[in-house]
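Trainee: Following this message is one structure expressed as structure tokens.
The values are calculated or read from the model by the stated rules, or taken from the named source; none is laboratory data. None of these values were measured; they are calculated from a predicted model. Backbone-built Cβ (ideal geometry, glycine too); neighbour counts: all protein chains shown.
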Amino acid sequence: MCMPLGGFIKNTNLLPGNAVKKGQTLAIIENQDFVDIQQNYLEAKNKLVFAEAEYKRHTDLYKDDVYSEKNVQRVTVEYKNLKVLVKSLEQKLFLIGINPDLLSEDNISNQVNLVSPISGFLKEVNVNIGKYVSPTDILFEIVNSDQLFLELTLFEKDADKVAVGQKIKFFINNETDVHEALISQTGKSVSDDMTFRVYGTVLSSCKNILPGMYVNALIDESDIKVTALPSEAVVSFDDKDYIFVFEKEKQEDGNAMTEYLIVEVRKGVSASGYTEITLPEGFDINAARVVIKGAYNLLSAKKNAGEMAC
């Protein structure tokens, strides 16, 4: 929160973490310019009353052919200019927290109350009694946790997998409670680090979650078909990912042997024990017999045999 016209802090007794209610006074600000605005407003308002009466009188006389059109135009311009002036001064009063309807010559003051526009908790308090604050100074930061939003960072390759309305499940580190949110907006550009932003509206009550906390999140892709295998079927070596596929049975020195084909894949999102994979072009996963259990043992055997050399 800022004070649009600045001034000196005359009173405040709040600390970071204090709860505040909408309309509560956060600080009292003093500035002689406040008096000038109130004075100008009341004077313009009084002049407007007279100008309105003159406008009506001249209009009636013009209808009776007593006054010339030129006189009526002059009075009309003066009346409308005063209306504009009063309206603009009203907005200045609202801006500094003074209700024009309650202002009179008896309650002009050089002090105004800076009130909270929302209920919440004070995150930052940057004021001291006697300090001068300018219109650009941030005096208070108020956080309202009644409606929380998520800001998620995703990799560029996942940009086409998210859309407004998708469900998000998230949790805080060291917590078992799972919370839900809906994607309300997606980023329209990619950052220099090849990531983009996704924003979600939190649906459930999150009493232990504070603004600024980091979360772990999973985006529901139930409407998007991807190829996925049990995570134990995907093994990694030398920064690459592989799966093993049954190729054929054979005899070697009178012993039955099974040959497996190693296929390089690209891993995607992992969730609930499954990992998304992207297969080589033309590879038909439906016609393949993928090794689910024992893939790591096969990888170790191939490394020991020198078949997985860097």
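Trainee: Among (1) within 30 Å of V198 (Cα to Cα); (2) among the basic types (K, R); (3) surrounded by 13 or more Cβ atoms within 10 Å (Cβ to Cβ), there is one condition K92 misses while meeting the rest; what is its number?
Mentor: (1)
Trainee: Are any of the residues in region 37-48 over 30 Å from G6 (Cα atoms), within 57 Å of the chain's Cα centre (by Cα) and surrounded by 14 or more Cβ atoms within 10 Å (Cβ to Cβ)? Step through it out loud before you land on a result.
Mentor: Of region 37-48, the ones over 30 Å from G6 (Cα atoms) are none.
No; the residues of region 37-48 include none that is over 30 Å from G6 (Cα atoms), within 57 Å of the chain's Cα centre (by Cα) and surrounded by 14 or more Cβ atoms within 10 Å (Cβ to Cβ).
Trainee: For region 26-48, state whether one or more residues are of a type in the set (V, I, T), under 28 Å from V133 (Cβ atoms), part of a helix (DSSP H, G or I) and in contact with a helix residue (DSSP H, G or I) (Cβ under 6 Å, 6 or more places away or on another chain).
Mentor: yes
Trainee: Tally up the residues in region 251-308 that are loosely packed, with under 10 Cβ neighbours inside 10 Å, among the hydrophobic types (A, V, I, L, M, F, W, C) and in contact with an Asp or Glu (Cβ under 9 Å, 6 or more places away or on another chain), please.
Mentor: Qualifying residue count for the region: 1.
Trainee: Further question on the same structure: Mind checking which pairs have a first residue in region 4-25 that is within 15 Å of S119 (Cα to Cα) and a second that is of a type in the set (D, E, K, R), Cβ under 7 Å, 6 or more apart or different chains?
Mentor: Cβ pairs passing all conditions: P16/K123; P16/E124.
Trainee: Determine, yes or no, whether Y199 is touching a Ser or Thr at 6+ places or on another chain (Cβ under 6 Å), assigned by TED's automatic domain parsing to the domain that holds K161 and within 28 Å of K157 (Cα to Cα). Break it down stepwise before answering.
Mentor: Values: touching a Ser or Thr at 6+ places or on another chain (Cβ under 6 Å): yes; assigned by TED's automatic domain parsing to the domain that holds K161: yes; within 28 Å of K157 (Cα to Cα): yes.
In short, yes.
Trainee: Which ones in region 34-67 are among the acidic types (D, E) and at pLDDT 95 or above? Spell out the reasoning first.
Mentor: Within region 34-67, the subset among the acidic types (D, E) is 36, 43, 52, 54, 60, 64-65.
Across region 34-67, the qualifying residues are D36, E43.
Trainee: Residues that are in contact with a Phe, Trp or Tyr (Cβ under 7 Å, 6 or more places away or on another chain) and surrounded by fewer than 14 Cβ atoms within 10 Å (Cβ to Cβ): which strands (runs of 3 or more DSSP E) entirely in region 119-226 hold 1 or more of them?
Mentor: Values: elements: 120-125, 140-143, 149-155, 167-172, 179-186, 195-202, 215-219.
Qualifying strands (runs of 3 or more DSSP E): 120-125, 149-155, 179-186, 215-219.
Trainee: Scan region 261-297 residue by residue and report those that are closer than 12 Å to A233 by Cβ and in contact (Cβ under 8 Å) with a residue 60 or more places away in the chain.
Mentor: Matches in region 261-297: V290, I292, K293, A295, Y296.
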